1. Would you please report the Å³ per residue occupied by the convex hull of the alpha carbon atoms in the stretch 318-380?
2. Please state the relative contact order of the stretch 1015-1158 as a whole percent: Cα pairs under 8 Å, 6+ residues apart?
3. Summing Lys, Arg as +1 and Asp, Glu as -1, what charge do residues with Cβ under 14 Å from the Cβ of Ala118 carry, Ala118 excluded?
4. For Cα pairs less than 8 Å apart in space and 6+ apart in sequence, what is the mean separation divided by the residue count of the stretch 854-956, i.e. the relative contact order in percent?
5. Over the stretch 83-156, calculate the relative contact order: mean separation of alpha carbon pairs under 8 Å at least 6 apart, over the residue count, as a percent.
6. Holding the Cα-Cα limit at 26 Å, pick out from Lys1022/Lys1119; Lys354/Lys379; Lys409/Lys622; Lys863/Lys989 the pairs that are longer than that.
7. Starting at the first residue of the stretch 107-113, write each ³J(HN,Hα) from the Karplus equation 6.51 cos²θ - 1.76 cosθ + 1.60 with θ = phi - 60°, in whole Hz, x for Gly and Pro.
8. Mind listing which trypsin sites (Lys or Arg not before Pro) in the stretch 807-906 are in a DSSP loop and have 10 or fewer other Cβ atoms within 10 Å?
Amino acid sequence: MVSLARVFGAFQEGSFYIASFLLVLSVVVFVHEYGHYSVAKLCGVKVKTFSLGFGPELFGITDGSGTRWKFSLVPVGGYVKMLGDTQEDNLSEGEKSFAFNEKPLWQRFAVAGAGPLANLLFAVLVFFVLFATRGVMSPMPIVGAVLPGSTAEKVGLMVGDRIVEVDGHEVSWFEEIRHYIAGSPNQEFTVVFLRDGVQHSIKLSSDVWSDDARRLGIAANISPETTRARRLPVVRAAVESFRCIFRIVKITLVAVVQLVTGARGIDELGGPVRIAKHSGSFPQENHKSQVSECHDGYRLRAPAGPIVPTSAAAGVTRVKVVGNERLDSGTVQFYAKVPLTGDVTQPEIDEAIKNLYATSLFSRVSVRVEGNELVIRVKENPVVRSIKIVGNRVFSDKNLENDVLKMKKMSIFTEAKLKRDLSTLHALYQSRGMLGAKVSYAVRRAPHNAVDIVLNIVEGKATRIGEIRFVGNKAFSSSELRAIIYSKEHKLKEGFGLFGGSTKFFAERLVADQSILQEGKKYQFGESTVTVSDIAYSYEGIEKDLLELVLSKKGGVFDATMVNGSVARITAHLNERGNLFASVKSDYDVQGDVTLDNVIRRKLGIHEGDVYSTGAVRQSRKRLADMDFFETVDVETQKISDSLVDLNFRVKERGTGSFDIGAGFSSESGLVGKISVRERNAFGAGKMVAFDLSRSMTSLSGTLDLVTPNVLDSDVAFGVGVFYSQQGSPSSSGGTLGGLLSSSEGSFSSTNAGLSTRLSCNLTDSVAASLQYYYKYHSIHNIGESASIYIKEQEGRHFDSAVGYSLVYSSLDSTYKPSTGVFAKVSQLFSGIGGNLHYVKTEASSAHFFPVFRRIHNDIVLKVRPSFGYVFAYSGETVKIGQRFFVGNSEIRGFAASGIGPRDRNTKESLGGKLFYGLTTQLDFPIGLPEHLGIRGSVFADVASLSRLDSGVGGYDTSDLPRLSIGFGFSWKSPFGPVRIDFGFPIVKEKFDIKDRIRISTDAGAEDASVSRPVLFIDSEKVLGEALVAKDIRAQLDRRRTELQSTFSRRGEELRKGEDELIKQKSILSSEAFEVKVAEFRKEVDSLNRDAAAKMSELEGMYSGAMEQVYNKVQQISKRLAGELGATIVFFIPRGQVAYVEDSADISERVLEALNKDLSRVSMGGS
């Protein structure tokens, strides 16, 4: 009899499969049908119905274009119904222009093919997101095998070596080794690797390669411990996404052919039931395996092992591996690390067993020779499929898994690893004052030789602090000291502190308290001034006399009692002069710290009591640097004990305010003036205040913005702003400057004013999102008599209430002068939440920067900027002129402002459009002038198109034709702001387009208008490693250290002889006499240890003193070179700590040459 529980379980599982199937199918159907819908709309086809599902309608809405969007009863498909797609449609003459069957063949083909294409592109997008955010599993650059006779074997590479650098390129992943070797133009280069923590290097030249392909002959070490998830760069992720889809399509087509030819059985086919089952199981699987299976370019396998020739002698001729499930036989043989064919001896068998056990991959191993066959029987250790932590409240799962537990998901499970992690967890909770914490575990077997681990933590009650006593305090009372330390007593009078964390016993907190009591920031007195006002009996020179009564001296340590004493002395002096009611007030300012402490702490990803993580520290430093509030950000790690460290973040403030005035000339607006005032760190609270005012001959605009970061201690920033703008319409009839300063009666004016609010936050380090709302007053007025009828119909006042969002992605290497990376933005506005306008506006753009022709010059950059925009109205309205797009010389140079797009045939006025797209390609390069002048040249090619109007009436010209222009230009970083002049030449154009070959533009405040100063770099490891004086100092150190070791070794040998003699005397001496002898011997040992420590400390001091002279000389040389090259900053750090340095900025060789010339020897001194 079937139990009710089993029936319910089967029902629950079936329901999950069905729900997952319907969800996946609905997404696929929606994307497919939306592909049909979007292309149909672009081709001007009227869409009557967009349905998810078949059968009777459940619910739906109708948009402004008449399309019915609905959900139907049977959710196993969907459809898009277009006007004219069936014979039953009786079309009027007016409807035929919007009918599907009346469109050209190529448009019908495009509409029909858009659905499958949308599915493919959606799949590409899914893989792109996975590759760019979650990554693919890639091996680290660790040698797992060295093939016999290969180049690697010749040069001495061994299994376990970690390659860190190839031909000057830092190596992070195994596949980069082949890439850098094959791509190197040098015939000889260096490979740097680590072996047992020690760095080595080898030279590779043409005489060591085993073949012309320059293959090393190594394979990766493939194991869970040496494989990491690697996020792909955006462009790489996009390319690999397309490759992955191509492979899937190829495999599918091959499978179809194999089914037709009989190479595959029909049992491999599946209908809706199998699809539903796979849809339900997919969410339960690890996404990493999915990515790895698809992205087979990253599924590297360990080699089958070294090629061992068959022995000619009698013995083992075949190797058989039994019991292996995950590992292939060749890998097991490779891990044995001994010859397995030929005459195999018992010691070799024992060595193979030991080597296989040493991998921790197997729980049982046996090796036997059976006839001419060597049989290796193994039982693999299980793989950790999942780790579940239960009961933890103090530490998050992420912190425990990443920074505490050594056992990871997909790693090999052993009891030893588990026991070690349990001990670590218990010690961690003990250090947090949870002395009664208990940690237990359960290991559950899973299919495919895997285990699920459950760690059950019972944290228990935290130990509270009952009383805090201070001993030896004289300057401060115990109550004063209790007030400043972090730890608090667990007493009722503490109020809410009774329930807070400060009363818990933390060993780390006690160390922090000790640091507070021992250390404190000392402030110094600065300049003292005395200001006299309203003194009845004043006299000339009184302020000077009073200043002499001030007790504090400049540079002295700040003491509030001195300030109060000075006030008392001045008051007494004035009273003696008859000023009995004189009032003396003191005031002092603390200089040096601007940014508030809480502003800095909010950016830190690590706090007191957290588990130490190098990644969190590195990320915290980057966040502080990205604030751009500080010139320098340094982190010092101070070890307190084996389990405790202090982190000291030291910052140097920089100016965060700017005042820019820009003036120039633009062909769009004539004379242009701009004023910009900004403060990015107002009041030290991280708030941004900005005011911009722009005035030209045709427009006036101004904005005021205030942005408050970290609202309510969250990662969300809140901004509010007001704006106002007034401008005339571009016209092409008469006037000057391409019709922009029109004297025609066909001109009109527009006014915009309103306020905006927005919430924004960083989703990741490179992706930001914002949600905004604005309410805008928009007016079209002062329309001339001969203006276009399309302009006149827009006259009036409109109130625009809109909510929108934007997503921004940036991987630029520099915000102000990018040379590599991507900046992308997509935004949408939804108007109609109040007001009298109803529309949806979508815009997207991206800018891609590529350094090119690096062998010619390091400062040649290619910029590619695609852009797109579309707006449509709903609720029966049309898109107003204020919401349309206007495209001109800002998007396609060589044309006037609003020079392309729909245009009135009579008045020649631009009407704007609903759809635009563009592509700007520009190559920037130096033109040979001195760099400090800031003048660069450019060549460009621009493509753009603007079309679509909500008007069924003729009388205007429009075209979908993409316009093309080419040209050249110059940019100048002038003292008044960046100025640019472009000369554009239209190649593809329409007759009604307006041309304007010269564009002069200014954008004050968009970039730092100050003259750029180069930053120089010195490789400290190279200079200190190769300098003659540094080598000589190290030689002196080694010689002195050897002499000391020899001296103390002799004394130690004498003590060992004395110890042997003392042991012999034990039997003949009384116990009292023997104890006296032992005490004397211990004094001699202690004396030896003290002398050795003192001498080594003295030697280290001598070495430090000698090296300090070298550092001083390097500083002098750096200062001299910085003056010659016009630099303000010179970095003296190891090359490995810098991501990229241009050759022109690296002055290591010049410094090394000067150092060898100026300072050849420094004596360490001493005897």
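1. Considering the Cα atoms of the stretch 318-380, their hull volume per residue is 69 Å³.
2. Relative contact order here is 61 percent.
3. Neighbour charge sum, excluding Ala118 itself: 0.
4. Dividing the mean separation by the residue count of the stretch 854-956 yields 31 percent.
5. 16 percent
6. Pairs exceeding 26 Å: Lys409/Lys622.
7. Couplings: 6, 5, 5, 5, 5, 5, x Hz.
8. Hits after loop and neighbour filter: Arg855.
Values quoted throughout were computed directly from the atomic coordinates according to the rules given, and no laboratory measurement underlies them. For clarity, every value in this text was computed on a predicted model and none was experimentally measured. Note: ideal-geometry Cβ built from the backbone for every residue, glycine included; neighbour counts use all protein chains shown.
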